[in-house]
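Worksheet: the structure to be examined is printed underneath.
Read-outs: derived from the displayed coordinates by stated rules, not from any lab. Owing to the predicted nature of the structure, the values given are computational and were not obtained by experimental measurement. Counting neighbours? That spans all protein chains shown, and the Cβs are built from the backbone with ideal geometry, glycine included.
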């Protein structure tokens, strides 16, 4: 179903059919981030949270593209502004729309959005509800800024800048993150189906919430929440080909966008 629905029944929608796979992927993603981002001084909390936010945001884009691919030939089912492609005068491409935003802010189907995981992490850290960040205002600012030449540069509070920008972290980490999410189960595990791309954002959002909680002794959870969400929104709008070349073919088409998987296009041309 489209991402228009904002209700969800459970935090981990894959548990009904791939509980072991989901837990294993989450644990392996956490270990990968700790290993990749550990420096001589340990783990830089701000960089860690920006990295997991960027992964969650790009996972949201992949979920939206999967939805768009399914409905690409049924334009009557695609709501206006659900998935949009914007090209700057300098030729940079960005994706945005309600389907991209839903896994981050609104929720869709029965999957909780990133916003919910972050809010719950803040509550666990003792943050008052009145102190929660205004994610809607953040999304509005970034949506307006997508046309600007400096889009993609995270505006971190003074003293809290990550070691790299969300796009740079994403390009370095996404290939391995995707391999972890799609990896086959070890032989000793009973068979479970692969995780749906629609569930990738919730998987990474749950990990983001855990990391905001575990870093709250070093970093104000409100700042951590903002770093995660801003990185996620930035990553969700990047040109998919700039991060995962050839996986998705996205182009303007009559009445909307043409969306196909790269492997399907190669088979069609063979």
Quiz item: How would you rank 237-250, 51-64, highest first, on the average number of other Cβ atoms within 10 Å across their residues?
Solution: 51-64, 237-250
Quiz item: Normalised by the residues of the range 32-158, what does the relative contact order come to in percent, with Cα pairs under 8 Å and at least six apart?
Solution: 13
Quiz item: If we sort 168-181, 36-49 on the protection proxy, mean other Cβ atoms within 10 Å, highest first, what's the order?
Solution: 168-181, 36-49
Quiz item: Does the range 135-270 classify as rounded, prolate or oblate by the C-alpha gyration tensor (a ≥ b ≥ c root eigenvalues; a/c under 1.5 gives rounded; else a/b over b/c gives prolate, otherwise oblate)?
Solution: oblate
Quiz item: residue 168 to residue 258: extension gain in nm, 0.36 nm per residue of separation minus the Cα-Cα distance?
Solution: 29.7 nm
Quiz prompt | Relative contact order [Cα under 8 Å, 6+ residues apart], the chain, whole percent | solution = 35
Quiz item: What spacing in nm lies between the two simple spin-label points modelled at residue 16 and residue 210, each 7 Å away from Cα in the Cβ direction?
Solution: 2.3
